[in-house]
1. In this structure, is B:Pro261 at pLDDT below 95, surrounded by fewer than 16 Cβ atoms within 10 Å (Cβ to Cβ), more than 15 Å from B:Asp67 (Cα to Cα) and more than 7 Å from every other protein chain (Cβ to nearest Cβ)?
2. Give the residue, chosen from B:Gly178, B:Gly211, B:Gly195, that is among the small types (Gly, Ala, Ser), surrounded by fewer than 20 Cβ atoms within 10 Å (Cβ to Cβ) and within 30 Å of B:Ile65 (Cβ to Cβ).
3. Within the stretch A:392-403, count every residue that is of a type outside the set (Val, Ile, Thr) and within 12 Å of chain B (Cβ to nearest Cβ).
4. Could you list all residues from the stretch A:48-95 that are among the hydrophobic types (A, V, I, L, M, F, W, C), more than 11 Å from chain B (Cβ to nearest Cβ) and surrounded by 21 or more Cβ atoms within 10 Å (Cβ to Cβ)?
5. Which condition breaks for A:Asp463 when tested against (1) among the charged types (D, E, K, R); (2) in contact with a helix residue (DSSP H, G or I) (Cβ under 9 Å, 6 or more places away or on another chain); (3) farther than 22 Å from A:Met425 by Cβ?
6. Of the numbered conditions (1) under 30 Å from A:Pro412 (Cβ atoms); (2) surrounded by 24 or more Cβ atoms within 10 Å (Cβ to Cβ), B:Pro145 fails exactly one; give the number of that condition.
7. Confirm whether A:Thr399 is closer than 17 Å to B:Leu109 by Cβ and of a type in the set (S, T, N, Q).
8. Looking at A:Gly295, A:Gly383, which is the one that is in contact with a Leu (Cβ under 7 Å, 6 or more places away or on another chain) and either modelled with pLDDT of 95 or more or of a type outside the set (A, V, I, L, M) (or both)?
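The values are calculated or read from the model by the stated rules, or taken from the named source; none is laboratory data. In this text the structure is predicted, and so the values were computed from the model without any measurement. In this analysis, Cβ positions are derived from the backbone assuming ideal geometry, glycine residues included, and neighbour counts consider all displayed protein chains.
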Amino acid sequence: MNSTTVMKTFAETNIVDAVVIGSGAGGAPLAAELARNGKTVVVLEAGPAFTAMGHTPDEIAARELYWLHERLSAGTNPQAFGGNNSGTGLGGSLLHYGAFMPRMDARDFHLHTETGKGVDWPFGLDELLPYIERVESFIGVSGPTHYPWDPERRYAYAPPLANSAALKMREGCDALGLRHADGPAALITRDIEQPHFGTRHGCANCGACHQGCRNGAKSGADNTWLPMAVAYGAELRPGCFAHTIERDSSGRVTGVVYRQNGVEHRQKCATLVLAAGAVETPRLLLTNDLANSSGQVGQNYMTHVSTQVWGEFDEDIRPNRGYPSLTITEDMMRPKDADFVGGYLIQSLGMMPATWGQNLARSTTTRGPAFARALAGYNRSAGMGINGECLPRPENRVTLSNEKDAFGIPKPLIEHSYGPNEWAMHNHAANLLSRMWEAIGAKDIRVIDRAAHMIGTCRMGTDAGSNVVNPEGRSFDIDNLWISDHSIFPSAAAANPALAIMALSLRTADAMLKT
Amino acid sequence: MSVCPAARSKNWLPESRPAPYRKRFGHAGYCIFAASGRRNHHRRRTLKPKHRRPQCPPPPDRPEILDSDHLSARTRDILTSRLSAPETQPRTLSLQAYAVLDALLPVLLPLDEILPPGTDINMTARIDAALSGPRDGWRFADLPPDAEAWEAALLTLDDVAAEQHGIRFIHLAPELRGTLLDAMMTGQLGLDRDGRLSIPQMARWAGDLRGEVVDCVMSDPRVQQALGISSSLTGGDTVFQGFTEVGPDSREDFEPKATAPLAQMADSRE
């Protein structure tokens, strides 16, 4: 926050206009927008307030940025949480996200109409685009002067330096005749004065985006939306774990009970916004038995097919250096030879050593000197990865397990299994990316089967019988309860979710202001 | 417990000891009793008490990356803390399970071609301690909580060793230890009884084991130095330098060169 700003505070007995649970991509833009329009807002954040220069590139210590309340992962593709999924602290997952910021493809809003599979969004790209552009403009996104798949698009900042993996992926694309570009990245490449925050420096190519940006280059909530919210009178309360939603006799929400430093507190509110992510938001609703007349809370859990392919090169690659995932191709958004619906984006991958080693360790069974040799190949390794559509499936969902956490609340059980469409996409990508690396002389090519991100679980739509919230994010069951995060996505789409979450957040704020 | 692996390890022996002796045991020198109160268990009969050798030798040469001004003070403290073993061992596991872990690590991931001779990064102790610390926020639903799963998995390996070979896991020759690990990783080893893990559970846990080992290794400053990894050197506290060169074959002067025999190929091209 700007050091000159004094944050307004509210008494717990005040009935504030809105309590927002979660301070990341879903909660922060909405909180800022409500506050800017004169609403009284309290943001409850379970994690602490970090300082940028206090972040460390040490991957073990940087786990402090992850949501560490234990989750149980099941299904035939049990998903790894921790590093890749869900953050904690003021700023939420944007503290550790990779800042890869593609826009959703217009076709992905209408997947069911196009293919008969999946689900349509209740609106199209044209509805979300103005909000997308507002987000990009306010937080700062870098990109190329000419974006091959959308020539009209403009970015305010030049791309950061292309690292080894980005350059290698360009070669791989050229070898197979694919178009490529510098991808949209939510970081700034020159120093600026961010309104309500202060100086943000241009990207220093340190490569530790996932461990927290130390100089403010990466565009998160902590250096954009949250300072704006505070400047307009919102109160941010870190270290507050919300667990109980209170209602009056008519069923409307009256307040939230949360624990801070071991003590229970109660904040009264006229409106409640859940922005805790696709696991914690449905968990809150399920534990409070709320807003679930559709039976859809926790259902339709989706991820992204996030297959990676790594190779070793003769050169000194040093994959920790530079923005990790600069090169993009959108040529596989609807590949002609696809035996699946939807599509995928490809990005280059640099990576920090323990994260890279974890992927290697979990995807192979090598042992002894061969395992040591594989790890010793770190500095010669470059990767590519995809983010691809994942269809909703009835067996993929978030439910409450029989185990309780330290607060006495059931731990969430997340079941995740690939279906035929996800496997077909994985195989297509594994084959293509392997051929790209082979074409430019990579050795020891290794395919890693993995899924990333968390999407769905409180679907938005027009029909109250099959959706949890309406197309603005408002609960069908409780008129002063709103959801603003990726749990309302009807389909996964291929793009990384942060940009759409923020755009929807602004749109939901607009809808709230009109009520 | 009848064996202390460290008592016959290279670390306990003088640096001048011939390598073949050290290699005979194929052990990287993890001491399961260090700082556990059994202070004299390494003492040779020929040594008088006043000449006792230290059980856990001081760390080898301090990795140069720790003195770089491209390192923040916080990161330096974090990395430096890994140079010494946790004070209490074992902290999480039983002595029996700890000894199994100690005996499997050098078979799973030998570090003698990565680290300088005589370097002990205290993997067993660090992993055992990590199991009692904050975890990474999730676990496989078909495994019990981490500390319990590790205990059960390691005892499963010990029981299977006894059933198949008539001796405990720690007494098996390295080749046989490796065979059991391979069977575990490929879904062929497990026990259907209380306090042990079944075949599918052991295969799941094998991934957790491998991941934990890699976390421990790749986050160690001695390993980063030996492999020439500059990931900790993102920038100091007063000047946040980052990197100015990020393309292939462009190591900057402050970045370490690989010294490990396994990793020198790239640097030798310069």
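1. Values: at pLDDT below 95: yes; surrounded by fewer than 16 Cβ atoms within 10 Å (Cβ to Cβ): yes; more than 15 Å from B:Asp67 (Cα to Cα): yes; more than 7 Å from every other protein chain (Cβ to nearest Cβ): yes.
So B:Pro261 passes the test.
2. On the way: B:Gly178 fails: within 30 Å of B:Ile65 (Cβ to Cβ); B:Gly195 fails: within 30 Å of B:Ile65 (Cβ to Cβ).
Answer to the selection: B:Gly211.
3. Step one: filter the stretch A:392-403 for residues of a type outside the set (Val, Ile, Thr), giving A:392-397, A:400-403.
The next check asks that each one be within 12 Å of chain B (Cβ to nearest Cβ); those that pass are A:401-403.
Counting residues in the stretch A:392-403 that are of a type outside the set (Val, Ile, Thr) and within 12 Å of chain B (Cβ to nearest Cβ) gives 3.
4. At the first step, the residues of the stretch A:48-95 found to be among the hydrophobic types (A, V, I, L, M, F, W, C) are A:49-50, A:52-53, A:60-62, A:65, A:67-68, A:72, A:74, A:80-81, A:90, A:94-95.
Applying the additional criterion that residues be more than 11 Å from chain B (Cβ to nearest Cβ) yields A:49-50, A:90, A:94-95.
Passing the criteria: A:Leu90, A:Leu94, A:Leu95.
5. (2)
6. Checking B:Pro145 against (1) under 30 Å from A:Pro412 (Cβ atoms); (2) surrounded by 24 or more Cβ atoms within 10 Å (Cβ to Cβ), the one that fails is (2).
7. Criteria not met by A:Thr399.
8. Values: A:Gly295 fails: in contact with a Leu (Cβ under 7 Å, 6 or more places away or on another chain).
Every option except A:Gly383 fails the conditions.
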